[in-house]
1. Mean shadow of the stretch 86-227, computed from the convex hull of its alpha carbons, in nm²?
2. In sequence order, what are the phi-derived ³J(HN,Hα) couplings for the stretch 357-370 according to the Karplus relation 6.51 cos²θ - 1.76 cosθ + 1.60 with θ = phi - 60°, rounded to whole Hz, with x for glycine and proline?
3. For the stretch 245-331, which GluC sites (Glu not before Pro) pass both filters: DSSP loop (anything but H, G, I, E, B) and at most 15 other C-beta atoms within 10 Å?
4. Hand me the trypsin sites (Lys or Arg not before Pro) from the stretch 78-109 located in a DSSP loop with no more than 14 other Cβ atoms within 10 Å, in residue order please.
5. Pairs to check: LYS34/LYS335; LYS244/LYS306; LYS306/LYS350; LYS80/LYS306; LYS114/LYS200. Give those whose C-alpha atoms are more than 26 Å from each other in this structure.
6. Residue separation times 0.36 nm, minus the C-alpha to C-alpha distance between LYS267 and MET224: what's the value?
7. Rounded to the nearest 20 debye, what is the charge dipole size of the stretch 1-93 about its Cα centre when +1 sits on each Lys and Arg Cβ and -1 on each Asp and Glu Cβ?
8. Pop out the carbon and sulfur fraction of the accessible area of the chain as a percent, whole number, probe 1.4 Å.
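The values are calculated or read from the model by the stated rules, or taken from the named source; none is laboratory data. Remember, predicted model here, so these are calculated numbers, not experimental data. Here the Cβ is made from the backbone with ideal geometry for all residues, glycine too, and neighbour counts use every protein chain on show. Just the protein is used for accessible areas: all its heavy atoms, side chains included, with ligands, DNA and RNA removed. Shrake-Rupley method; radii C 1.70, N 1.55, O 1.52, S 1.80 Å.
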Amino acid sequence: MLNEQMYEYGSKSSVIRELFAYGLERRKIVGEDKVYDFSIGNPSIPAPAEVKEALLELLEEPAEALHGYSPAAGDPEVRKTLADSVNRKFGTRYTADNFYMTVGAAASLSIIVKALTRPGDEYITFAPFFPEYAVWVETADAKLVVTPADTADFQIDFEAFEKLLSPKTKGIILNSPNNPSGVVYSEETIQRLSELLAKKQKEYGTSIYLITDEPYREIVYDGMEVPFVPNYYKNTLVCYSYSKSLSLPGERIGYIIVPDEADDGKKVMAAVAGAGRALGYVCAPVLFQKAIACCVDVPCDVSAYKKNRDLLYHGLTDLGYECVRPQGAFYLFVKSPEPDAKAFSERAKKYDVLVVPGDSFGCTGYVRVSYCVSEQTIKDALPVFAEIMKEYQEQR
Ligand code: PLP
């Protein structure tokens, strides 16, 4: 006998992983450059040189300090460095005590949900959303409620959202820049969301925490600014990760911020420490805690992603595909030329073009195209996207 829920999660692989594995097999058959794999969100630009420099320098430090345990929440000096950096960027007044180091955004979110949840609690997110939210919320014995997408601009459908709020709402999970739409929630959206949540908290006599999932915070284009949500809504808990901004997804490093201003801030931080303990997420990798502390002010060079975004966005829209112009992250959320996006994805697969149906992200009729690939892959894929579109046009 075993835990059936865990068995389910472990035995079913995600559509994204399946497509990615399929792509690897196809490459062996048709050749490396004949598979146009837009399935996965693995950063395609290398980590900045400063990361390597920091690591080489750190490796000269005494092994006991470098490879030993840090306190469960992370090295206090590292947390202070991060707090100072966030304060400089966003005008906040955090200290090391507001930070808890984690093994990436996945751990940050699962820790927060575990830390907050009581029986019967609900979390609301906005479609399209990162599918793992369901796993993290359900395993904390809470319910994930999904606000349908506003496909006009992929901001928030406030009318639909307001109907889903209730005294059971423990938290809202917001991901901006968004995977998979590439949209940055505007300042106007954040302001409206903050006002609505403040009003509802008062009405219900509860605390509603706004959990921001921010692995793409620095990956924005055209001078776009991502509003720092704690400056708009005091019950914000931040989940950050270096997986994308420093291209370090395999190193598993990120953090949680619990501001003092949040309701029961100190207690929430203690519960975060408790959840970290319960889930076995204590003491994030010390070498990488120290490495990111050395790189806090290293800018994220998004020029390669921007080039890809422009090439793919203009290329696809010129061919008649529809999508909103992404302002951040490295995904394009493209309207399927037929209502069933799974059928479109299957058809594209026949041309060795791998795109993920939006159904996995709670939004039917769209596919996600990850453009963290080489520029050449996009150049080679566009004529193939043209052939696929032609097939649809001939059918009509
Ligand atoms: N949240 C979103 C929206 C993501 O896209 C990802 C990874 O792709 C994660 C969380 C998990 O990130 P991490 O690698 O930091 O755990």
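1. Mean projected area for the stretch 86-227: 9.2 nm², to one decimal.
2. Running phi through 6.51 cos²θ - 1.76 cosθ + 1.60 with θ = phi - 60° gives x, x, 3, 5, 9, x, 9, 6, x, 9, 10, 9, 10, 7 Hz.
3. Those satisfying the criteria are GLU261.
4. The qualifying sites are ARG93.
5. LYS306/LYS350; LYS80/LYS306
6. 12.0 nm
7. The calculation lands at about 480 debye.
8. 52 percent
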